[in-house]
Amino acid sequence: MGLMVAGARFVRAEAVLVAALGVLAFLISTFVDIAEDLTEDPAHVFDRAVLESLRVAGDPNNPIGPKWFEIAAADLTALGSVAVLVAIVMVVSGFLLLKRRPLAVISLVTAGAGGLAMSQALKLVFGRERPPLEYRAVEAVNASFPSGHAMLSAVIYLSLGAILAKAMRRRREKAYVMSVALLLTLIVGLSRIYLGVHWATDVFGGWCIGGAWATTCWLAAWATERWHGRGGMSRPQRLPVRPAPSMSPAVTGE
């Protein structure tokens, strides 16, 4: 009974930690399920159906919607490219260094570098081919699963959202920052499907493993902050040093 009470108290005290661990377990298990289904026909039928639903009937090289929408999708998908994400990480890291937040810089750079390495390794392991050339509206290289754009955008934007949310005081500000991070991640992934350079399951898998890695990096930063007794983005509070009270001549005997 005492153990159950202690467990309940821990859950209440560390609700965010418990939620993060639950999200991490869910994302990893979902990625494993998607990866296991890649060789099965139902997964391929689903991917083919999604891809064809986004093309004009009888013209696989023509995405549905007006031409400006296709151009906009091609522009927005670059938000998940390695070049753009590296530039964002460098700019934000420079700002964090100016604000003397080295732990946040280490967390962000580790998340990005680890995510890139993991993406390339998983592509080599699975070696899945991309959709046929006639469906692709933009150029693409290397293997298809998982989507590198979807994965890396999840890693970087969610990590940035967590860092910025840590500095916010109001809940609505935190919610806004995280909502923007999620929206950018969704836009990049959906643009990859629309442009025909990835199967839908490539993007779903990229979102899952990218979110899992971002959560892992957040947990590592959280543990480090706890270990050192710091509060994340906020600096350790220093007590003001008060000058010693002057002694009057009557007291000192002068």
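List the number of the failed condition for PRO146; all other conditions in (1) in a helix (DSSP H, G or I); (2) buried (at least 19 other Cβ atoms within 10 Å of the Cβ); (3) within 17 Å of the chain's Cα centre (by Cα) hold.
With (1) in a helix (DSSP H, G or I); (2) buried (at least 19 other Cβ atoms within 10 Å of the Cβ); (3) within 17 Å of the chain's Cα centre (by Cα) applied to PRO146, the lone miss is (1).
Quick one: TYR194 ticks every box in (1) modelled with pLDDT under 95; (2) aromatic (Phe, Trp, Tyr); (3) surrounded by 18 or more Cβ atoms within 10 Å (Cβ to Cβ); (4) more than 19 Å from the chain's Cα centre (by Cα) bar one, so which box is it?
The failed condition is (1).
What's the total number of residues in the stretch 93-124 that are touching a Phe, Trp or Tyr at 6+ places or on another chain (Cβ under 9 Å) and exposed (fewer than 11 other Cβ atoms within 10 Å of the Cβ)?
0
Restricting attention to the stretch 98-112, which residues are touching a residue at least 24 places away in the same chain (Cβ under 8 Å), assigned to a helix (DSSP H, G or I) and over 13 Å from ALA220 (Cα atoms)?
GLY112 - this is the single residue of the stretch 98-112 that is touching a residue at least 24 places away in the same chain (Cβ under 8 Å), assigned to a helix (DSSP H, G or I) and over 13 Å from ALA220 (Cα atoms).
Check whether at least one residue in the stretch 93-101 is basic (Lys, Arg) and within 24 Å of TYR194 (Cβ to Cβ), and report yes or no.
Checked the stretch 93-101: no residue is basic (Lys, Arg) and within 24 Å of TYR194 (Cβ to Cβ).
Just to be sure I understand the filter: pairs with C-beta atoms under 9 Å, separated by 6 or more residues or on different chains, first member in the stretch 6-35 and over 30 Å from THR201 (Cβ atoms), second member modelled with pLDDT of 75 or more and of a type in the set (Val, Ile, Thr). Which pairs pass?
What qualifies is PHE10/VAL18; VAL11/VAL18.
Can you tell me how many residues in the stretch 30-48 are part of a helix (DSSP H, G or I), under 28 Å from the mean Cα position of the chain (by Cα) and loosely packed, with under 14 Cβ neighbours inside 10 Å?
Total meeting the criteria: 3.
The values are calculated or read from the model by the stated rules, or taken from the named source; none is laboratory data. What you are looking at is a predicted structure, and each value in this text was computed from that prediction instead of being measured. FYI the Cβ positions are ideal-geometry reconstructions off the backbone, even for glycines, and counts take in every protein chain you see.
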